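Here's the structure, in structure tokens; my notes come after.
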Amino acid sequence: MTTDAFTDRLSEYLDDELSAEERREVSNHLAVCESCRGTLEELRQVVSRAAALTDSAPMRDLWSGVVARIAPSRQWRERVSPFRRAISSRLSFTLPQLAAAGLTLMVLSGGLVWMARSGNPNADFQAVSAEPDPDLTTIPANFADRHFDEAIADLQRALDAERTKLDPETVRVLEQNLAAIDVAIEQSRRALQADPSNVYLNTHLAAERQRKLVLLRRVTALAMTGS
Amino acid sequence: MEALALRCAPVLSPAKMTDDVALAASGDVSAFERVYQAHLPRVHSLVRRMTGGRDADEVTQDVFVRVWQKLGSFRGDAAFSTWLHRLAVNVVIERFRAETTRRRRLREGDDIFNSIAAPVRSRALSMDFETALATLPEGAREVFVLHDVEGYKHHEIASLLEISAGTSKAQLHRARMMLRRQLGHGRSGYDD
């Protein structure tokens, strides 16, 4: 057997995967070949370093992307199914509730953004410091999140195709709610252009985008399953 | 596979983790988030190493979406971390299988391996191990990560990757020899 042939067996030798006879041959060769002994030691170091690797978390948040894909799929179906059993194929929301939710959302979103921007001393939450925290690394908001825009566009198309299955009044209130969310998103974006590292504003923008995604998914699912 | 479970170091206590897995299986998103947080570093590191860093975040998300979908089939007869780990490996492999060139690379043995364009290498005499790992050719990297980092046996790797055990051994040795050179040791005939 040539030295190259022995070298090719060194990993199996290291992993104790050779037959007894093969192992004896390689051992005998190692006893007289300094080069192969050196290679074996280096391979042992590679294996040792691989086993000592430590795990690390990703640099960016991945949970929001996960929850956007899983939450509507199970929780919403379970929550909605009893409701759907009680209604006819013509779907309808409780209008006073939706209208109230829309109004509340609009007031809250606008108010919270205003408070965050103005630093109102009467606000009942801890204002985010304007001074950068050296221990805190903030990733500026991504204003052009392609995945989000694509998901919204897909849902909007699906909803448009199924829109006739929804009660017209429901559609009207739905559009009011979506408009309110869009206003909140726009306000957050504008505020973030002036203060891209503001933690509260980044969180608020992400929450509003998530709210829009969830609302569209829920209504689209209802419209599609209502046929 | 027991070694795999031991290498996982969940933030939560085993009892708490079991509770959260059960809650998550019943549809509790908050419990699932705790499971996710406990296992994220482990899963992301596995995905990152197997993919060489390419789309690692996206694949990691795919893994946890799949975990959520499959939680109902987890019966507790293996450690959850082991079950999760195997599922993550399968998601990564499925991803690879979508790339048609990969099948040729893995099935046609060393000749085809040697024809693969060599990855860009650092000229530094010594480089970070993770970086060196990412520069390995795809087939060699997968086998190396599964065997030397994750503790799989050659027959398990052969089954997962749909290759022979002999090809798995050859790929492992090739990967080790390349890493040996990347890390500043001697010259190898495997990477020229």
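The values are calculated or read from the model by the stated rules, or taken from the named source; none is laboratory data. Source: prediction; values computed, not measured. Reconstructed Cβ throughout: ideal geometry from the backbone, glycine too, with neighbour counts over all protein chains shown.
Numbers at a glance
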| quantity | calculated |
| --- | --- |
| Among the candidates B:R181, B:R102, residue that is touching an Asp or Glu at 6+ places or on another chain (Cβ under 8 Å), away from chain A (no Cβ under 13 Å) and either surrounded by 23 or more Cβ atoms within 10 Å (Cβ to Cβ) or modelled with pLDDT under 95 (or both) | B:R102 |
| Residue match in region B:56-72 (condition: touching a Gly at 6+ places or on another chain (Cβ under 7 Å) and modelled with pLDDT under 95) | no |
| Candidate set: region A:6-31, residues that are assigned to a loop (DSSP other than H, G, I, E, B) and among the charged types (D, E, K, R); chosen: the one farthest from the other protein chains (Cβ to nearest Cβ) | A:D16 |
| Any hit, region A:166-180, residues being under 23 Å from the mean Cα position of the chain (by Cα) and either farther than 24 Å from A:M59 by Cα or at pLDDT below 75 (or both) | yes |
| Output for region B:24-34, where each listed residue is among the acidic types (D, E) and facing chain A (nearest Cβ under 8 Å) | B:E33 |
| Filter pass, B:R75 being in a loop (DSSP other than H, G, I, E, B), within 16 Å of the chain's Cα centre (by Cα) and at pLDDT below 90 | no |
| Members of region A:32-56 that are surrounded by 15 or more Cβ atoms within 10 Å (Cβ to Cβ) and at the interface with chain B (Cβ under 7 Å from one of its Cβ atoms) | A:T39, A:E42, A:L43, A:V46, A:V47, A:R49, A:A50, A:L53, A:D55 |
| Pairs where the first residue, in region A:174-196, is in a helix (DSSP H, G or I) and the second is crowded, with 19+ Cβ neighbours inside 10 Å and acidic (D, E), C-beta under 6 Å, 6+ apart | A:I181/A:E208; A:A184/A:E208; A:I185/A:E208 |
| Those residues of region B:34-72 which are charged (D, E, K, R) and either outside any helix (DSSP H, G or I) or surrounded by fewer than 18 Cβ atoms within 10 Å (Cβ to Cβ) (or both), in sequence order | B:R54, B:D55, B:D57, B:E58, B:R66, B:K70 |
| Positions within region B:35-53 being among the polar types (S, T, N, Q) and more than 10 Å from every other protein chain (Cβ to nearest Cβ), in sequence order | B:T51 |
| Any hit, region B:7-21, residues being modelled with pLDDT under 95, within 12 Å of chain A (Cβ to nearest Cβ), under 20 Å from B:V89 (Cβ atoms) and in a helix (DSSP H, G or I) | yes |
| Members of region A:183-215 found to be under 23 Å from A:V67 (Cβ atoms) and aliphatic (A, V, I, L, M), listed by number | A:A184, A:I185, A:L192, A:V199, A:L201, A:L205, A:A206, A:A207, A:L213, A:V214, A:L215 |
| Members of region B:48-75 found to be within 21 Å of B:S26 (Cβ to Cβ) and either free of Cβ contacts under 8 Å to residues at least 40 places away in the same chain or touching a Leu at 6+ places or on another chain (Cβ under 7 Å) (or both), listed by number | B:V63, B:F64, B:V65, B:R66, B:V67, B:Q69, B:K70, B:S73, B:R75 |
| Any hit, region B:146-165, residues being closer than 16 Å to A:L53 by Cβ, part of a helix (DSSP H, G or I), facing chain A (nearest Cβ under 8 Å) and of a type outside the set (G, A, S) | yes |
